[in-house]
Structure formats: C-alpha cells, structure tokens
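Beneath this line is the structure, given in structure tokens, with notes to follow.
The values are calculated or read from the model by the stated rules, or taken from the named source; none is laboratory data. All values reported here derive from a predicted model rather than from experimental measurement. As a convention, Cβ positions derive from the backbone with ideal geometry for all residues, glycine included, and neighbour counts pool all protein chains shown.
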Amino acid sequence: MQLNQELAELRKFVALLTSEQEFLLHNDTENLLILSEVKSQAANLLMGMGHSRRKTLLQDGNDSMEAWLTRNAPNASPLWSEIRKLAAEAQQINTTNGELIQSRMRNNQQALSVLYNSSQNAAGIYGRDGQASISSSGRHLGSG
C-alpha cells in the first residue's frame, strides 16, 4: 500500500479545501471556478487510492486497516492515524464550505427576488404612450 502517497495527496486536498474556504469568504468567484476543477481531480485521485486500499484489504482477508497494518506494516500505524485525522479535517472543512455555499445561494436568491419584484413594479410606471402612468390609491397631498 502507498500510505505515504495517500497522506501527501490528502494534505494537498486539505490545502485546496482551505483555499476554497478563503475564496468563498472573499467572494472570489474567478478563483473558485479555477479551483473547482483541480479539487475534483484531487478528490477523484483520493477516491481511487481509497478504493485500491480497500481492494488490497479484502484480497488479504482483512476486516480493517488496523488489522492489516498489525500483520503487514506495524511501523505504518502513525501514517494511518495521520490519514484518518486529515480525512476528518477535510470532511469538516468541506462541510463548512458547503454551508458557506448554501448561505451565498440563499443571499443571491433573495437579491434576485428583490430585483425581480422591483422590475415588475417598475414595469407599470409607464404607459404604452411612454407617459408616466403612476396611479395613486392613497390620499392626495394637501387633502385633509
């Protein structure tokens, strides 16, 4: 198993997620678009590495990574521990990023609704002849 390589790739992935969070906080959509492709490739690489690791475990008849390490590479236990720690950190950062994205989407939807409603109200201000046709339903100025 390539635990050293998986750990290195996971560190890169955590760095990408951290950058994504910074871009989200600073509304840097241009860099978010660029980063999204790199992040997808990194996620796919990590998923492939995890799949390969699980396949090796199953082929060797092991239920857990810890059991495999005990039998085959006891010195690699600290690497596995670090991988698990980083994976939990990546999950937390990704969850936070998802919440930031949801918040931005809600804000954008609210802004669009305000603009849409405003444009609908403004559409009735001018008549077909181009003259203002503001109707008043309230009291007139100066009326008592």
**Report entry** Residue check, Glu6 acidic (Asp, Glu) and either without any contact (Cβ under 8 Å) to a residue 60 or more places away in the chain or closer than 22 Å to Asn97 by Cα (or both)
**Finding:** no
Report task. Within region 1-30, track down each residue that is more than 28 Å from Ser64 (Cβ to Cβ) and either of a type outside the set (D, E, K, R) or outside any helix (DSSP H, G or I) (or both). Result -> Ala15, Leu16, Thr18, Ser19, Gln21, Phe23, Leu24, Leu25, His26, Asn27, Asp28, Thr29
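If you check Glu6, Glu66, Glu89, Glu20, which single one turns out to be modelled with pLDDT of 95 or more and surrounded by fewer than 17 Cβ atoms within 10 Å (Cβ to Cβ)? Walk me through how you get there before you give the answer.
On the way: Glu6 fails: surrounded by fewer than 17 Cβ atoms within 10 Å (Cβ to Cβ); Glu66 fails: modelled with pLDDT of 95 or more; Glu20 fails: surrounded by fewer than 17 Cβ atoms within 10 Å (Cβ to Cβ).
Result: Glu89 is the single residue among Glu6, Glu66, Glu89, Glu20 that is modelled with pLDDT of 95 or more and surrounded by fewer than 17 Cβ atoms within 10 Å (Cβ to Cβ).
Considering every residue within region 53-63, establish whether at least one is within 19 Å of Lys12 (Cβ to Cβ), at pLDDT below 95 and assigned to a helix (DSSP H, G or I). Please lay out each step first, then the result.
Here is the first cut: in region 53-63, the ones within 19 Å of Lys12 (Cβ to Cβ) are 53.
After this cut, where a residue has to be at pLDDT below 95 as well, the list is 53.
Right, trim to assigned to a helix (DSSP H, G or I) and you get 53.
Checking region 53-63: at least one residue is within 19 Å of Lys12 (Cβ to Cβ), at pLDDT below 95 and assigned to a helix (DSSP H, G or I).
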Query raised in the report: Is it true that Leu57 is free of Cβ contacts under 8 Å to residues at least 60 places away in the same chain, in contact with a Ser or Thr (Cβ under 8 Å, 6 or more places away or on another chain) and more than 20 Å from Asn4 (Cβ to Cβ)?
Result: no
Query raised in the report: Just checking, how many residues over region 22-58 are among the polar types (S, T, N, Q) and over 21 Å from Ile83 (Cβ atoms)?
Result: 4
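If I filter region 69-85 for residues that are in a helix (DSSP H, G or I), under 23 Å from Leu24 (Cβ atoms) and at pLDDT 95 or above, do I get at least one hit? Can you show your working first?
Initial filter on region 69-85 (in a helix (DSSP H, G or I)): 69-72, 74-85.
Right, trim to under 23 Å from Leu24 (Cβ atoms) and you get none.
Checked against the condition, which is being in a helix (DSSP H, G or I), under 23 Å from Leu24 (Cβ atoms) and at pLDDT 95 or above, region 69-85 yields no hits at all.
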Report task. Please indicate, with yes or no, whether at least one residue in region 31-39 is surrounded by 15 or more Cβ atoms within 10 Å (Cβ to Cβ), out of contact with any Lys or Arg (no Cβ under 9 Å at 6 or more places or on another chain) and either outside any helix (DSSP H, G or I) or free of Cβ contacts under 8 Å to residues at least 24 places away in the same chain (or both). Result -> yes
Query raised in the report: What number of residues within region 40-63 satisfy the criterion of being loosely packed, with under 12 Cβ neighbours inside 10 Å and among the hydrophobic types (A, V, I, L, M, F, W, C)?
Result: 2
